[in-house]
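Below you'll find the structure, written out as structure tokens, and then a few comments.
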Amino acid sequence: MAIADTPSPPYYAVIFSSLRTEGDNGYGAMAERMLDLAAEQEGFLGAEGAREGLGITVSYWSSLEAIRKWKQNAEHLDAQRLGRERWYSAFKVRVARVERDYGI
């Protein structure tokens, strides 16, 4: 995964921090599918992630409405349910407005 090529702010970030349960149990395939599905959603700007014990995935969105629609996507709802039942021992979601960004 590369650094997301986001537009000039403002835009929104959904930060998903998680601790996994043991074993894959279909997680890898679902995580890949969710990234592909998110990329098809109106307002999706990109995503970044890392996992070394604690997993962090940040997805970027053009608006709060786009985030709401993604949260309610039927396939995503199913993945959320499976996450609570199988894949995560703990997780937290944070939504933030990006006011500035810079880098090289």
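Can you name the residue in region 52-82 that is part of a strand (DSSP E or B) and aromatic (Phe, Trp, Tyr) and, of all such residues, is farthest from residue 2 (Cα to Cα)?
61
Run down 48, 42 and say which single residue is in a loop (DSSP other than H, G, I, E, B) and out of contact with any Leu (no Cβ under 7 Å at 6 or more places or on another chain).
Criteria check complete, one pass: 42.
Quick check: is even one residue across region 83-99 over 22 Å from residue 25 (Cβ atoms), in contact (Cβ under 8 Å) with a residue 12 or more places away in the chain and part of a loop (DSSP other than H, G, I, E, B)? Walk me through it before giving the result.
Of all residues in region 83-99, those over 22 Å from residue 25 (Cβ atoms) come to 94-99.
Subsequent filtering for residues that are in contact (Cβ under 8 Å) with a residue 12 or more places away in the chain retains 94-99.
When the remaining residues are screened for being part of a loop (DSSP other than H, G, I, E, B), the result is 99.
Yes: one or more hits.
Select from region 52-76 the residues that are at pLDDT 95 or above and acidic (Asp, Glu) and write down the one among them that is most open to solvent (accessible area, probe 1.4 Å).
By that ranking, first place goes to 65.
Would you mind telling me which numbered condition in (1) open to solvent by 40 Å² or more (accessible area, probe 1.4 Å); (2) among the small types (Gly, Ala, Ser); (3) modelled with pLDDT under 95 residue 28 fails?
Unmet condition: (1).
From the set of residues in region 14-25 that are open to solvent by less than 70 Å² (accessible area, probe 1.4 Å) and in a strand (DSSP E or B), which is nearest to residue 95 (Cα to Cα)?
14
The values are calculated or read from the model by the stated rules, or taken from the named source; none is laboratory data. All of these numbers come straight from a predicted model, not from anything done at the bench. Ideal geometry is used to build each Cβ from the backbone, glycine not excepted, and the neighbour counts take in all protein chains shown. We work out accessible area using only protein heavy atoms, side chains counted, and drop any ligands, DNA or RNA first. Shrake-Rupley method; radii C 1.70, N 1.55, O 1.52, S 1.80 Å.
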